[in-house]
Amino acid sequence: MHPPHKTARAVIESPEFKRLVSKRWSVSLLLTISILVIYIGFLLVVAFDKELLAVKIGSYLPWALPIGFGIIVSAWLLTGIYVYWANNTYDTEVQEIKNKMNAN
Amino acid sequence: MLTSSLLLQVSALPAASTLGTANPVSIVMFFLFVAITLYITYWAAKKTKTGSEFYAAGRNISGFQNGLALAGDYMSAASFLGIAGMVATKGYDGLIYSIGFLVGWPLIMFLIAEPLRNLGKYTFADVVAYRLQQRPIRIVSSVGSLLTIAFYLIAQMVGAGGLIKTLFGLQYELAVVVVGCVMTAYVLFGGMLATTWVQIIKAVLLLSGATVLVLLSLATFNFSPANLFQAVAEKYGEAMLAPGGFITNPFDALSLGLALMLGTAGLPHILMRFYTVPDAKAARKSVFVATGFIGYFYILTFFIGFSAMVLVGKPVIEGIDKGGNMAALLLAEQAGGTAFLGFIAAVAFATILAVVAGLTLSGASSISHDLYVHVFQKGVSNEKGEMKVAKRATVALGVLSIVLGLVFKGQNVAFMVGLAFSIAASANFPALLMSIIWKKFTTQGAVWSIATGAFLSLVLIVLSPTVWVDILHHPEAIFPLKNPALVSMSAAFFVGIVVSLANPETAAAEKFESEKLRTYLGIGAE
């Protein structure tokens, strides 16, 4: 189940693996913070300044509706951004490290 | 002009709805669903021999299929009927609720989906226990799982009984027994493979049924949402289209928001789905697909709620059920006639069946995989013995859910859903996250974090206005927030960190380094 100990150590301590891990968390945390800011920001506006959301776009439609739908769509888009990044950048780098491991 | 024609329509509504009488279409539709899904169970039973097949469908589900199944697991009848009802009676505030249910999904994606898939085997306790001491972690995390499942299950069963009584005119007790028996059969014979296909079929039925319902309703408004919103504003006032009195205390809002958001990332039956796909890439795809479908579904429920408010009318909806839970069904009857009502009713019933099957499977896994194998058998896996325990646990959970459904008859179950989410957010999520990202996390830290989260959720919800005032009828609540997650989850993180730092575990920290290879590269993942 586990790869040979020596190679494993070498990989974990290699700069490219460390870079991969820290890049993964920068992307994850950036996206996590985005969704938290969007959602908690929305809740705080609802709690503290409802009138702001009742401001109308046209003659009767308040901003609350497009903003609500927008949050739903943004949640989906953010997951899409992550998948796109992971499938292209992250997976390629993982494959490179794995190839190197096999070459050793 | 639009309003007057609408008013005409509303007054032309038949005085009595056919809700509550046996509807042949819904009964035929429902039995068709059960027959097809039981056939799938029969097919799956032949493929379900080993543990990996029973718990994880042999890890052969594709990312897209699993995304649909995740959406199926998550879109319960409570969110379909409950949120449509909330929008129909309270307006925009219902949307705030559904947004909270949705935003947990991106977090699952960014923080835990890949590590979960790469580190785990069958239950999320696999991940927490990966580098910590097995026994204490397995015991305490299965308590967290089983508590979450129990409260969620009670809410679904009681909801099912009440719903079926209203829909089919069937007796409450009979409905609870039917649901209990059919879901036990799915899990017992077909395991995760059958449960997954039940979820997929149900998700497709629910999404297409809700889409048709929205199209039929919007046809009344010349397919223009703007006309619909205008009708709402003219009939019930513009305030319906913006946030109202739902959230007044910001801490309450934050606490509920956190419970909904992070609770999703701690629901055992959702987390278990990540083991059904072959790799991390498929796990990612499934979250993306699930988030898309669930988001679309909540947008539909929002339109269903507002259409019901205008076309059926608030007094009629509230006259049948104070909480508005029948809004979607009344709208279905109004927009598509008795046959369509029958279809939507059958879909709602199927929805409950599928969700309880998923819950039962994850409960059974926790008992057989975490408790039996790792606690009683000390980690020595004996596949045959484990399967036997898993199947016995399934039957026991099936019986238990019927009993609980009967015992809690007529109870308000909204708080149980809140409690299930708050235990998931407080007991399960912090330990899971810390075990993935924090090197210094220790066995004791995990045990104390899970125990604190579970215990505080339980105690605080009893002392909160939800139970202390609404159910026990005391004049004032001891704990001010309606949902305890803000306090119980913060406490679980805090206790986990303090206990870990106070008593470092060198072995766990060392193992964290080699765990990384598997977390990030997927090397050695099953």
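Relative contact order for the range B:36-521: 30 percent, from Cα pairs under 8 Å spaced at least 6 residues apart, divided by residue count. Relative to the longest principal axis of the Cα atoms of chain B, the long axis of helix B:327-365 makes an angle of roughly 10 degrees.
Using helices alone, I'd like the mean residue ellipticity at 222 nm for the protein assembly as shown: each DSSP H run of four-plus residues gives -39500 (n - 2.57), total over residue count, nearest 500.
On the way: 29 runs with 451 residues, N = 630.
Roughly -23500 deg cm²/dmol at 222 nm, from the helical runs in the protein assembly as shown.
Accessible surface buried at the A:B interface totals approximately 4900 Å², computed with a 1.4 Å probe on protein heavy atoms. Out of the range B:284-350, which trypsin sites (Lys or Arg not before Pro) are coil in DSSP terms and have no more than 16 other C-beta atoms within 10 Å? Sparse-neighbourhood loop trypsin sites (Lys or Arg not before Pro): B:K322. Positive-end ranking of A:G41, A:L30, A:L65 along the dipole of the range A:19-103, with charges on Cβ about the Cα centre, is headed by A:L30.
Quick one: Cα convex hull volume of chain B, Å³ per residue?
Values: hull volume 68.9 nm³, N = 526.
Measuring per residue, one finds 131 Å³ for the Cα hull of chain B.
Quick one: divide the alpha-carbon radius of gyration of the range B:107-264 by 2.2 N^0.38 Å and tell me what you get. Working shown, then result.
Details: Rg = 21.8 Å, N = 158, 2.2 N^0.38 = 15.1 Å.
Expressed relative to 2.2 N^0.38 Å, the Cα Rg reads 1.45.
Compared with the dominant Cα axis of chain B, that is its longest principal axis, helix B:485-502 is turned about 10°. Across the accessible surface of the protein assembly as shown, with the other protein chains kept in place and a 1.4 Å probe, carbon and sulfur atoms take up 68 percent. Calculated accessible area for the range A:19-103 comes out at 51 Å² per residue, all protein chains present (probe 1.4 Å; ligands, DNA, RNA ignored).
Rounded to the nearest 20, the Cβ-based charge dipole of the range B:36-521 about its Cα centre (Lys and Arg +1, Asp and Glu -1) stands at 1360 debye. Pairs exceeding 20 Å between alpha-carbon atoms, taken from B:K49/B:K285; B:K90/B:K322; B:K46/B:K285; B:K285/B:K511; B:K46/B:K121: B:K49/B:K285; B:K46/B:K285; B:K285/B:K511; B:K46/B:K121.
For the range B:333-397, which trypsin sites (Lys or Arg not before Pro) are in a loop by DSSP, counting at most 15 other Cβ atoms within 10 Å?
Values: sites: B:K378, B:K384, B:K388, B:K391, B:R392; in loops: B:K378.
Answer in residue order: B:K378.
Measuring heavy-atom accessible area with a 1.4 angstrom probe and counting protein chains only, the residues of the range B:94-109 that give up at least 30 Å² relative to the chain alone are B:L95, B:I96, B:I99, B:L102, B:V103, B:P106, B:L107, B:M109.
Here's the list of aspartates and glutamates a cross-link from B:K314 could span, going by alpha-carbon distance under 16 Å and ignoring same-chain residues fewer than 8 apart: B:D93, B:E234, B:E238, B:E333. May I ask for log10 I(q)/I(0) of the protein assembly as shown at q = 0.10 Å⁻¹, from a Debye sum over the Cα atoms as equal point scatterers with solvent left out? Here the Debye-derived log intensity ratios amount to -0.88.
Return one number: the angle in degrees, 0 to 90 and rounded to the nearest 10, between the long axis of the Cα atoms of helix B:172-185 and the longest principal axis of the Cα atoms of chain B. With both axes taken from Cα atoms, the answer is about 40 degrees.
Taking Cα pairs under 8 Å and at least six residues apart, what relative contact order does the range B:59-163 come out at, in percent?
Dividing the mean separation by the residue count of the range B:59-163 yields 15 percent.
The spacing between the range A:48-69 and the range B:417-446, judged by their C-alpha centroids, is 37 Å. Enclosing the Cα atoms of chain A in their convex hull gives a volume equal to 128 cubic angstrom per residue.
The values are calculated or read from the model by the stated rules, or taken from the named source; none is laboratory data. Being a predicted model, the structure only gives us computed values, none of them experimental. Cβ sites come from the backbone with ideal geometry, for glycine too, and all protein chains shown count toward neighbours. The accessibility values were calculated without ligands, DNA or RNA, using every heavy atom of the protein model including side chains. Shrake-Rupley method; radii C 1.70, N 1.55, O 1.52, S 1.80 Å.
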